[in-house]
Ligand SMILES: [Zn+2]
C-alpha cells in the first residue's frame, strides 16, 4: 500500500492488507433502472386501458388482489445456509401464467372484464414495489469481512447476512459502516 492508494480510496482499515474499494453504489442504480422499467410497463398498460374500465370496482378489486399476489409471489431472497429462496407452485412462473391467462379470459366476460384488465399492470407494478422495498429499503450493500468485498446484506432475525455466502455481519464493524453511509 502506498500513499497514493490511501489518498485515492480515503478509507484505511487497521488490517494493513485491506484498503476497501469504493462501495458499488451502481448496484442500486441497476435495481432502480429495473424498477423504472417495470413502472413504465405498468403505466403503459394502464394508459392503453380505457378510463371507463379503470373506474370500476372490478378493476380496483382485481388490481389490489393481483398486486398482493405479486408481492407474495416475489417471496424472499436466499441467504446461503440460513434460508432458502421462496419456492413452490405459488412462487413459480407457472402460477403467473395461470393468473395472467385467467385475466385474459376474464376480459371477454361481460361486467367482470375490468378485473381481467387489472391483473397485468397490477402484477408488474407490485414487482417494482417489492424490488424497491427489498433492495431500496430492507437490504443494504455492506462490506463483508469474510468475503473481502461488498455484498448485498439481507436482514433476518435482527442480523444481516451476506447474500453470497450467508456470512453474518458483525456489530464490531458498525461504526465504520455508519460513517461510510453518512458520507453518501
Ligand atoms: Zn460474505
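Only one entry of 121, 114, 110 meets the criterion of being more than 15 Å from the ligand (Cβ to nearest atom), more than 19 Å from residue 81 (Cα to Cα) and at pLDDT below 95, and that entry is 110.
The set of residues from the range 45-63 being part of a helix (DSSP H, G or I) and either touching a helix residue (DSSP H, G or I) at 6+ places or on another chain (Cβ under 9 Å) or at pLDDT below 95 (or both) comprises 45, 46, 52, 53, 54, 57, 58, 59, 60, 61, 62, 63. Restricting 97, 92, 158, 148 to those that are more than 16 Å from the ligand (Cβ to nearest atom), surrounded by fewer than 16 Cβ atoms within 10 Å (Cβ to Cβ) and over 30 Å from residue 47 (Cβ atoms) reduces the list to 158. On the given criteria, is residue 122 crowded, with 22+ Cβ neighbours inside 10 Å, over 19 Å from residue 26 (Cα atoms) and touching a residue at least 60 places away in the same chain (Cβ under 8 Å)? Taking the combined requirement at face value, the residue satisfies it.
The values are calculated or read from the model by the stated rules, or taken from the named source; none is laboratory data. Computed from a prediction, not measured in an experiment: that's the story for all the values here. Please note: Cβ atoms are built from the backbone with ideal geometry, for glycine as well, and neighbour counts cover all protein chains shown.
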